[in-house]
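**Q** Mind having a look at this structure? Questions to follow.
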Amino acid sequence: MAYKFVIVLAFVAAASAAVVVPAAPVLAKAVELEEYDPLPQYKFGYNVQDGLSGDSKGHVEERNGDVVRGEYTLVDPDGLKRTVTYTADPINGFNAVVRREPIAVAAPVVAAAPIVKAAPVVAAAPVVKAAPVVAAPYVAPAAYVRHL
């Protein structure tokens with residue numbers, strides 16, 4: 001029994017004497033902090049009027065701190081102009097008002113044709129009768145004449 005006890009103690013001693021690998025050294029990394037803008041501001045806008053494709057749209061937006069205001073317009077496939085005016089802020093969230101209205105297309109301006117005076121009436125020349133047609137007797141060519 002003592003022999004078993006000695007073997008168990010030998011295993012415990014071997015386990016506690018295991019090789020300890022030291023941890024890799026921790027390298028310190030310099031952390032760069034991003035600049036924080038407490039009052040972000042911007043404005044932008046664009047407008048597209050393409051006569052070739054018929055594309056017509058625009059957008060303007062501005063931000064002052066946490067409040068964003070803007071408006072965009074476009075022509076829907078049914079020919080109506082859609083205008084969306086929106087605001088967004090941390091208290092009220094995003095709110096939009098949508099308006100649809102027909103496109104005011106100006107009628108094309110057509111220049112009036114100049115007024116032309118009628119030509120003066122000229123007396124017609126007298127009508128001349130054609131000479132009477134005289135019928136000449138028909139003579140068949142010799143090749144077609146049959147001799148009896």
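**Q** Quick one: pull the percentage of alpha-carbon pairs in the range 47-102 with a separation above 17 Å.
**A** 45
**Q** Provide the net charge surrounding P77, with neighbours chosen by a C-beta distance below 14 Å and charges set as Lys +1, Arg +1, Asp -1, Glu -1.
**A** Counting the neighbours of P77, the net charge comes to +1.
**Q** OK, next. Give me the net charge for the shell around K57: Cβ to Cβ below 14 angstrom, other residues only, Lys and Arg +1, Asp and Glu -1.
**A** -3
**Q** Sorted by accessible area with a 1.4 angstrom probe, largest first, how do F44, F94 fall?
**A** The ordering from most to least exposed comes out as F94, F44.
The values are calculated or read from the model by the stated rules, or taken from the named source; none is laboratory data. Given the structure is predicted, the values throughout are model-derived calculations rather than measurements. Note that we place each Cβ from the backbone using ideal geometry, even for glycine, and neighbour counts take in every protein chain shown. Each accessible area value is taken on the protein alone, full model and side chains, heavy atoms only, with ligands, DNA and RNA left out. Shrake-Rupley method; radii C 1.70, N 1.55, O 1.52, S 1.80 Å.
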